[in-house]
Amino acid sequence: MQKRVVSMWFPRLPSDRVLRVRPFETHSETPFVLTQNQQNTQRVYCLNRAAEKQGLYRGMGFSDARSYCPELQSQPANTNADSQFLHVLARWGKRYCPWVGVDGDDGLLFNVSGSTHLFGGEQGMLVDMRQRLARAQINARIGIGDTRGAAWALAHYGDDATVSDVGEIANLPIAALRVDAKTDMSLQRVGLRKISDLLTLPRASVARRFGGDVLLRLDQTLGQQPEQISPLQDAPHYGVRMTFPDPIGLYDDVMAGTARLLDRLCAKLKAQEMGARVLQLTLRRVDKGNQQVELRLAAPLRDHTRILPLFERGVHDVDAGFGIDQLRLAAVHVEPLPNEQITPSSAKPRDGLDDLITRLGNRIGLENIQRFHPADSHIPERSFQISPAAYSDASGNWVALRPRPLRLFPPETIRFTGQITSRPPMQFHWRKMFFSIARATGPERIAPEWWLPDDNWRSGLRDYWRIETRQGRRLWLFFTPQNPNWFAQGEFA
Amino acid sequence: MIDFNNHFPPMNARTHEVCGASALFFAFSLAARLGGTTIWVRESWRSEQINPSGFAQYFDPQNLLVAQAKNQTDVLAVGEESLRGKSVSLVVIELDQDISLTQGRRLQLAAQAGNTTGLCLIPDGMGSNAAQTRWRCSPIFDETGGVADSTLQNWSIIKNKSGTLTAWNVNWDAKTRRINVVSPTAQR
């Protein structure tokens, strides 16, 4: 069968992606550009047709563009989102043929051999493609040819008439051969402007003068050298299921079924070098009601002997009703977990701890198992950060320049008689207990961090004193000079 | 005193209780003495909290996990699970209500099953009869030393299932990073 390849080129993919979600009237005539920071300058990355009409072009400085065109609208470019959008389009393209590949960062390739008749022939397919893309407000140029090179050349340099014989291609400029800009320039310098000029020359001298690349591209375009389209792989699916001829309801049976599913799922995860982070076990009952058991793991895991006991608690709570006739196990969230060589030094003793965190997390929530991390602040409440232990590793050096209390509480006023002075009172009441001061060390002045608004620090500066009372307890008091008062905020050992 | 080392660290694979104003210091010095990972179970609504930059000189905060439970039932469940888990060396459980004999005994059995030490921080005058020992730790004003960060305190065993009740005056030796027993003659 004759091989047919469609090449689709999206000349303005980044700006189309941004503009198609805006109301139509605003972007049909308003100039719009996407900007990107290149070599410390904001440059125009992509622009729409209205902006091009105003004389703007890609790669020009953004401030220049704004001065030429004061009503210019702009937005920073997001190349990651562009690439994702292209992959979405590739997935859409599978409606035309199963072999869809991504070509660079602004094109798609379809191997449509044998599937054109489903759309009423090649013309019908191309019309369908154009209509759908136009409805989605995406600028596209489409070429069809016998080879990947020919389709690419027609998409980028041809007019929209879709003839793809050698004669048509021969009229295209040299750049349509996908040669680099330097080679293109040197070919033009010797007067070779069109592909037909190149065809008439002896091959040996072309290869000697311009390298083998030009001839390779030429042969690929004309179909004398094969070139493949590598289709995108489907994202691996981490889900397995098992259907029973008769409904089951006993705990042991469900666990045995889960164990079998887990074996298969872990084999799948292992093949992809992934580890499950969130697992979901769905138990379908005969009355079509679904019961779900979710397992959130403290670390990526694909060891079925370790995962299975973690399911016990959840499966215990399941109401089997009249029986369960299908089990479905899916790894909802996976993380890369590369194979590791097991050596005595790399054997992780943390496995047991991770399992414990998982078990506790399934009872009180994985984000409630926390760990302290040092933070760079003099404010006592902000001298540490708390983050879930499952998503962070133990880290950091704890350096205390001055003694800090073991226990912190929100500031509590202390009661005392007499004048409020900047020296601590000799005797005071705190939490209905009486204290007399035997030794006071201080003051240590801590200023509020003005860049972070905090209601507790509205009272301004604080002078902290370390107080040893004759009754034994060692307290951390502070005085607020801008708003004179005394408070207790912590207790030492 | 010599017999302090027979009592501290308290018996492994049992749960113990500690009360008094210096209970936190007791917990951290015990965690430092046992080594390994410590899990600290508390109720999330409590506004008082432990301060890592304060206890870092006694015990490395990297080895501490904090479990925030929403009520005391969850606290006890998490405590029991961690005691049974065999992967931590100390489980500190902050309690603010009385626990029954059954609950205390369950913790005790879990500690035995997991070969882990459990420590309940209890308010004064509470506690369960199932605990192996109960300690009261209260700070003492250090008249003799003029040092800025004195940690002198009185540790007394006020309940002991297998032994006598005793008391020591101790402080923290920052250089050797361990508990020092202060001789009673140092007192007036």
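Brief remarks follow.
- 10 Å Cβ shell holding at most 16 others, DSSP loop, GluC sites (Glu not before Pro): longest site-free stretch of chain A: A:72-226
- Charge dipole (Cα centre; +1 on Lys/Arg Cβ, -1 on Asp/Glu Cβ; no other charges) of the protein assembly as shown amounts to roughly 860 debye.
- Expressed as a whole percent, the accessible surface of the protein assembly as shown that belongs to carbon and sulfur atoms is 49, based on a 1.4 Å probe.
- Sorted largest first by accessible area at a 1.4 angstrom probe radius, with every protein chain in place, the residues A:TYR464, A:TYR57, A:TYR45 fall in the order A:TYR57, A:TYR45, A:TYR464.
- Residue list for the stretch B:35-76, given a label point 7 angstrom along the Cα-to-Cβ vector of A:GLU335 and an amide N cut-off under 18 Å: B:65-66
- Relative contact order for chain A: 9 percent, from Cα pairs under 8 Å spaced at least 6 residues apart, divided by residue count.
- Put simply, the amide H of A:HIS333, placed in the peptide plane, has neighbours under 5 Å in A:ARG277, A:VAL278, leaving out anything fewer than 5 places away on its chain.
- In this structure the amide hydrogen of B:ALA67, modeled in the peptide plane, comes within under 5 Å of the amide hydrogens of A:GLN370, B:TRP40, B:VAL41, B:ARG42, none closer than 5 places in sequence on its chain.
- Comparing the full protein assembly with the isolated chain (1.4 Å probe, heavy atoms, ligands and nucleic acids excluded), the residues of the stretch A:459-492 losing at least 50 square angstrom of accessible area are A:ARG474.
- Sequence-distant aspartates and glutamates (8 or more away, or on other chains) whose Cα lies within less than 20 Å of B:LYS161: B:ASP3, B:GLU17, B:ASP98, B:ASP124
- Think of the stretch B:1-90 as a dipole: +1 on every Lys or Arg Cβ, -1 on every Asp or Glu Cβ, centred on the Cα centre; then among B:GLY35, B:GLY20, B:PRO9, B:GLY35 lies furthest on the positive end.
- Segment A:SER63-A:ALA271, length gained on full extension (0.36 nm per residue, minus Cα span): 69.8 nm
- A:PHE434 accessible area, assembled protein chains, probe 1.4 Å, Å²: 90
- 32 Å tail of the calculated P(r), the protein assembly as shown, as % of Cα pairs: 69
- Estimated 222 nm signal from helices in chain B, with DSSP H stretches of n ≥ 4 weighted -39500 (n - 2.57), rounded to 500: -7000 deg cm²/dmol
- Accessible surface for B:MET11 stands near 90 Å², nearest 10, in the context of the full protein assembly shown (1.4 Å probe).
- Taking 7 Å steps out from each Cα toward its Cβ at B:ARG178 and B:ASN129 produces label points 3.8 nm apart.
- The slack in the chain from A:VAL278 to A:GLN225, taken as 0.36 nm per residue of separation less the alpha-carbon distance, amounts to 14.3 nm.
- Net length gained if the chain between A:GLN471 and A:VAL21 were fully extended (0.36 nm per residue, minus Cα distance): 155.0 nm
- Charge dipole (the protein assembly as shown, unit charges on Cβ, about Cα centre) - positive-most of A:LEU360, A:GLN188, A:PRO14: A:LEU360
- Over 31 Å (Cα to Cα) - which of A:LYS432/B:LYS175; B:LYS70/B:LYS175; A:LYS3/A:LYS194; A:LYS270/B:LYS86; A:LYS53/A:LYS194 fall in this group: A:LYS432/B:LYS175; B:LYS70/B:LYS175
- Per DSSP, loop chymotrypsin sites (Phe, Trp or Tyr not before Pro) in the stretch B:1-88 with at most 12 further Cβ within 10 Å: B:TRP45
- At least 10 Å² of accessible area lost relative to the chain alone, listed for the stretch A:403-425 with a 1.4 Å probe: A:PRO403, A:ARG404, A:PRO405, A:LEU406, A:ARG407, A:LEU408, A:PHE409, A:PRO410
- Sequence of A:HIS378, A:HIS304 from largest to smallest accessible area, 1.4 Å probe: A:HIS378, A:HIS304
- Working from Cα pairs under 8 Å separated by at least six residues, relative contact order for the stretch A:226-336 is 41 percent.
- Interface between chains A and B: roughly 4000 Å² of accessible area buried, both sides summed (probe 1.4 Å, protein heavy atoms only).
- Across the stretch B:36-161, the mean sequence separation of Cα contacts (distance under 8 Å, 6 or more residues apart), normalised by length, yields a relative contact order of 22 percent.
- Global form of the stretch A:1-235, assessed from the alpha-carbon gyration tensor, a/c cut-off 1.5: oblate
- Computed FRET value (nearest 0.05) for B:SER100 with A:TRP450, which takes r as the C-beta separation and R₀ as 45 Å: 0.30
- Ranking A:VAL293, A:ILE174, A:LEU408 by how far each Cα lies toward the positive end of the dipole of the protein assembly as shown (charges on Cβ) leaves A:LEU408 at the top.
- Residues of the stretch A:432-452 that lose at least 10 Å² of accessible area (1.4 Å probe, protein heavy atoms only) when the other protein chains are present, relative to their chain alone, are A:ALA438, A:ARG439, A:THR441.
- Long-range HN-HN contacts of A:ASN139 with modeled amide H, under 5 Å: A:ARG12
- Accessible area per residue for the protein assembly as shown, computed on protein heavy atoms with a 1.4 Å probe, is 49 Å².
- To the nearest ten degrees, helix A:351-364 and the longest principal axis of the Cα atoms of chain A are 80 degrees apart.
- The trypsin sites (Lys or Arg not before Pro) of the stretch A:353-447 that DSSP puts in a loop, and whose beta carbon has at most 15 other beta carbons within 10 Å, are A:ARG431, A:LYS432.
- Cα centre as origin, Lys/Arg/Asp/Glu Cβ charges: the stretch A:407-491 dipole, Debye: 440
The values are calculated or read from the model by the stated rules, or taken from the named source; none is laboratory data. A quick note: this is a predicted structure, and the numbers were derived from the prediction, not measured. Don't worry about glycine lacking a Cβ; one is built from the backbone with ideal geometry, like all the others, and counts go over all protein chains shown. Accessible surface is based on the protein model in full, side chains and every heavy atom, while ligands, DNA and RNA are left aside. Shrake-Rupley method; radii C 1.70, N 1.55, O 1.52, S 1.80 Å.
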